[in-house]
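Asks: The structure under discussion is supplied below as structure tokens; questions concerning it will follow.
The values are calculated or read from the model by the stated rules, or taken from the named source; none is laboratory data. These numbers were taken from a predicted model, which means no experiment stands behind them. As a convention, Cβ positions derive from the backbone with ideal geometry for all residues, glycine included, and neighbour counts pool all protein chains shown. Side chains included, ligands, DNA and RNA excluded: accessible areas come from the protein's heavy atoms. Shrake-Rupley method; radii C 1.70, N 1.55, O 1.52, S 1.80 Å.
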Amino acid sequence: MSQNIELVIFDWDGTLFDSVGQIVASLQYAAQQFEQPLTYEAAKSIIGLGLPEVMQILFPQVPHLQQEILQCYADHYVANSKGDAWFQGVAELLADLKQQGLKLAVATGKSRKGLDRVLAQTESHDLFDITRAASETKSKPDPLMLQEILAALNVAVENAIMIGDTSYDLEMAQHLNMSRIGVSYGVHSIEILQQYQPLTIADNVQDLHAYLQNVLNVTALTES
């Protein structure tokens, strides 16, 4: 890859933050409270979407209960997710990219309130040049949040990379013909991610770090 990379955009849950298990557990807990069936796989599959979209997909049969289920989920998640943390190697990856002068961003299906809470939990507000949450824009896979990030940072789409663990992340980037990388340690399988033609699919954060370092080195050599 020969373009000049200026911006790396990350999904949050399942890409940077090891929270998938607790999200699923909280969704299933909320479903139980309202006597709604919800399998592990169904709950896991929608991680990455905005919360209103999650409720519509998982509980279409009870539209009148969706807001209450959502509140129950949110309360349970906040009360039980304090042990969630970055995947091993994420702190080093972000620090390295920042040190090299790259702009960093987050594009997530979380609400702004939820994102601000985990940014504070990880003390990472200052690492990111901009963050976008689904509650303040359109949910993935609509590319609007990526367009807003690019516009705010004045970066051309060809100079950015999107990294995520779901089809929603990669499809969102594909809509803009943005370079994209999948990670297989989060929500969706390698087979699903491959459908969106990522540059690579990393099996762990260390592999992701190594691939990005290689991309940046190639770019530097091309420019010199």
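Asks: Tally the residues that are in a helix (DSSP H, G or I) and closer than 17 Å to THR108 by Cβ, restricting the search to region 1-23. Give the steps one after another, and end with the answer.
Replies: If we filter region 1-23 for residues that are in a helix (DSSP H, G or I), which is where we start, we get 20-23.
Adding the requirement that they be closer than 17 Å to THR108 by Cβ leaves 20, 22-23.
Number satisfying all stated conditions: 3.
Asks: Which ones in region 78-90 are touching a Leu at 6+ places or on another chain (Cβ under 9 Å) and either acidic (Asp, Glu) or not in a loop (DSSP other than H, G, I, E, B) (or both)?
Replies: Filtering region 78-90 for residues touching a Leu at 6+ places or on another chain (Cβ under 9 Å) gives 86-87, 89-90.
Of everything in region 78-90, those that are touching a Leu at 6+ places or on another chain (Cβ under 9 Å) and either acidic (Asp, Glu) or not in a loop (DSSP other than H, G, I, E, B) (or both) turn out to be TRP86, VAL90.
Asks: If you go through region 187-195 one residue at a time, do you hit one that is open to solvent by less than 50 Å² (accessible area, probe 1.4 Å), in contact with a Pro (Cβ under 6 Å, 6 or more places away or on another chain) and of a type in the set (Val, Ile, Thr)?
Replies: Here is the first cut: in region 187-195, the residues open to solvent by less than 50 Å² (accessible area, probe 1.4 Å) are 187-189, 193.
This time we only want the ones that are in contact with a Pro (Cβ under 6 Å, 6 or more places away or on another chain), so: none.
No; the residues of region 187-195 include none that is open to solvent by less than 50 Å² (accessible area, probe 1.4 Å), in contact with a Pro (Cβ under 6 Å, 6 or more places away or on another chain) and of a type in the set (Val, Ile, Thr).
Asks: Considering each residue of region 24-38, count those that are farther than 21 Å from LEU193 by Cα and in a helix (DSSP H, G or I), and give that number. Give the steps one after another, and end with the answer.
Replies: From region 24-38, those farther than 21 Å from LEU193 by Cα are 25-38; that's our starting set.
Next, from what is left, pick out any that are in a helix (DSSP H, G or I): 25-33.
Count: 9.
Asks: Let me ask you something else. List the pairs whose first member sits in region 183-200 and is free of Cβ contacts under 8 Å to residues at least 24 places away in the same chain, whose second member is among the charged types (D, E, K, R) and open to solvent by 40 Å² or more (accessible area, probe 1.4 Å), and whose Cβ atoms are under 8 Å apart, counting only residues at least 6 apart or on separate chains?
Replies: From residues that are free of Cβ contacts under 8 Å to residues at least 24 places away in the same chain, the pairs are SER184/ASP203.
Asks: Within region 26-38, can one find any residue that is touching a Cys at 6+ places or on another chain (Cβ under 7 Å), open to solvent by 40 Å² or more (accessible area, probe 1.4 Å) and not charged (D, E, K, R)? So that I can check it myself, show each step before the final result.
Replies: Residues of region 26-38 touching a Cys at 6+ places or on another chain (Cβ under 7 Å): 30, 33.
Next, only the ones that are open to solvent by 40 Å² or more (accessible area, probe 1.4 Å) stay: 33.
Filter once more, keeping what is not charged (D, E, K, R): 33.
Checking region 26-38: at least one residue is touching a Cys at 6+ places or on another chain (Cβ under 7 Å), open to solvent by 40 Å² or more (accessible area, probe 1.4 Å) and not charged (D, E, K, R).
Asks: Read through the list (1) modelled with pLDDT of 95 or more; (2) under 30 Å from LYS103 (Cβ atoms); (3) assigned to a helix (DSSP H, G or I), then give the number of the only condition that PRO52 fails.
Replies: Among (1) modelled with pLDDT of 95 or more; (2) under 30 Å from LYS103 (Cβ atoms); (3) assigned to a helix (DSSP H, G or I), the lone unmet condition for PRO52 is (1).
Asks: Determine which single condition GLU223 fails, assuming it passes every other condition in (1) at pLDDT 95 or above; (2) of a type outside the set (A, V, I, L, M); (3) more than 19 Å from ASP84 (Cβ to Cβ).
Replies: Only one criterion in (1) at pLDDT 95 or above; (2) of a type outside the set (A, V, I, L, M); (3) more than 19 Å from ASP84 (Cβ to Cβ) is unmet by GLU223, namely (1).
Asks: In addition: Out of everything in region 60-92 that is without any contact (Cβ under 8 Å) to a residue 40 or more places away in the chain, open to solvent by less than 50 Å² (accessible area, probe 1.4 Å) and β-branched (Val, Ile, Thr), what residue ends up being farthest from THR15 (Cα to Cα)?
Replies: Filtering first and then ranking leaves VAL62.
Asks: May I pose another question? If you check ASP169 against the conditions, is it buried (at least 22 other Cβ atoms within 10 Å of the Cβ) and closer than 21 Å to SER45 by Cβ?
Replies: Taking the combined requirement at face value, the residue satisfies it.
Asks: Residues in region 135-143: is at least one out of contact with any helix residue (DSSP H, G or I) (no Cβ under 9 Å at 6 or more places or on another chain) and either outside the structural domain of LYS44 (by the TED database) or free of Cβ contacts under 8 Å to residues at least 60 places away in the same chain (or both)?
Replies: The initial filter retains those residues of region 135-143 that are out of contact with any helix residue (DSSP H, G or I) (no Cβ under 9 Å at 6 or more places or on another chain), namely none.
No, region 135-143 contains no residue that is out of contact with any helix residue (DSSP H, G or I) (no Cβ under 9 Å at 6 or more places or on another chain) and either outside the structural domain of LYS44 (by the TED database) or free of Cβ contacts under 8 Å to residues at least 60 places away in the same chain (or both).
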